[in-house]
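Novice: First, the structure itself, so that you have it in front of you.
Just so it is clear, none of the values below were taken in a lab; they were calculated from the coordinates. Every value quoted in this text rests on a predicted model; they were computed, and no experiment measured them. Neighbour counts run over all protein chains shown; Cβ positions are idealised from the backbone, glycine included.
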Amino acid sequence: MAIAQKPTLTRRATHFEFQAPATAQRVALVGDFNSWNHYSHRMRKATSGLWEATVELAPGRYQYKFLVNDSQWLTDLKAKGQASNQYGTTNSVIEVK
């Protein structure tokens, strides 16, 4: 008798860009894909002035925000979706296919 194997979901490099306020010294990409960890996905400031990060994500729907200077939570104005959260604000939503 053969044992059925679960299909492996292929992770995809998912690129995030963010135009942070001019006062930004640190920006983190924080979401349910990293258990809302403030330190696991620090973004880098590109020569264009945008903050960037690339994360390997399996297909699915993810909520996220940008954390500026460890204190200011901002949504992604380019996100295709938003979702309400338990704090009475919204999170950005991305769908990875």
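Novice: If we keep just the residues of region 65-95 that are among the β-branched types (Val, Ile, Thr) and within 11 Å of the chain's Cα centre (by Cα), which is nearest to ARG42 (Cα to Cα)? Explain how you work it out, then say what you get.
Specialist: Within region 65-95, the subset among the β-branched types (Val, Ile, Thr) is 68, 75, 89-90, 93-94.
Adding the requirement that they be within 11 Å of the chain's Cα centre (by Cα) leaves 75, 93-94.
On the way: THR75: 16, VAL93: 19, ILE94: 18 Å.
Step by step, filter region 65-95, then rank; the result is THR75.
Novice: Then there is this: Looking at region 64-77, which of its residues are closer than 19 Å to VAL96 by Cβ and surrounded by 20 or more Cβ atoms within 10 Å (Cβ to Cβ)?
Specialist: Result: TYR64, LYS65, PHE66, ASP76.
Novice: Select from region 35-55 the residues that are part of a loop (DSSP other than H, G, I, E, B) and either hydrophobic (A, V, I, L, M, F, W, C) or exposed (fewer than 15 other Cβ atoms within 10 Å of the Cβ) (or both) and list them in ascending order.
Specialist: Residues of region 35-55 that are part of a loop (DSSP other than H, G, I, E, B), as a first pass: 35-41, 43, 46-50.
Across region 35-55, the qualifying residues are SER35, TRP36, ASN37, HIS38, TYR39, SER40, MET43, ALA46, THR47, SER48, GLY49, LEU50.
Novice: Additional query: Name every residue in region 55-94 that is among the aliphatic types (A, V, I, L, M), farther than 26 Å from ALA22 by Cα and touching a residue at least 40 places away in the same chain (Cβ under 8 Å), in order of residue number.
Specialist: The initial filter retains those residues of region 55-94 that are among the aliphatic types (A, V, I, L, M), namely 55, 57-58, 67-68, 74, 77, 79, 83, 93-94.
Subset that is farther than 26 Å from ALA22 by Cα: 57-58, 83.
The answer is LEU57, ALA58.
Novice: Is it fair to say VAL30 is more than 19 Å from LYS97 (Cα to Cα) and either free of Cβ contacts under 8 Å to residues at least 40 places away in the same chain or surrounded by 13 or more Cβ atoms within 10 Å (Cβ to Cβ) (or both)? Working first, answer last.
Specialist: Values: more than 19 Å from LYS97 (Cα to Cα): yes; either free of Cβ contacts under 8 Å to residues at least 40 places away in the same chain or surrounded by 13 or more Cβ atoms within 10 Å (Cβ to Cβ) (or both): yes.
Yes, satisfied.
Novice: Sticking with this structure for a sec: Residues of region 56-91 being under 14 Å from ASN34 (Cβ atoms) and either in a strand (DSSP E or B) or touching a Gly at 6+ places or on another chain (Cβ under 8 Å) (or both), which ones?
Specialist: Kept after step one, since they are under 14 Å from ASN34 (Cβ atoms), are these residues of region 56-91: 56-58, 60, 62-67, 91.
Hits for region 56-91 are GLU56, LEU57, GLY60, TYR62, GLN63, TYR64, LYS65, PHE66, LEU67, ASN91.
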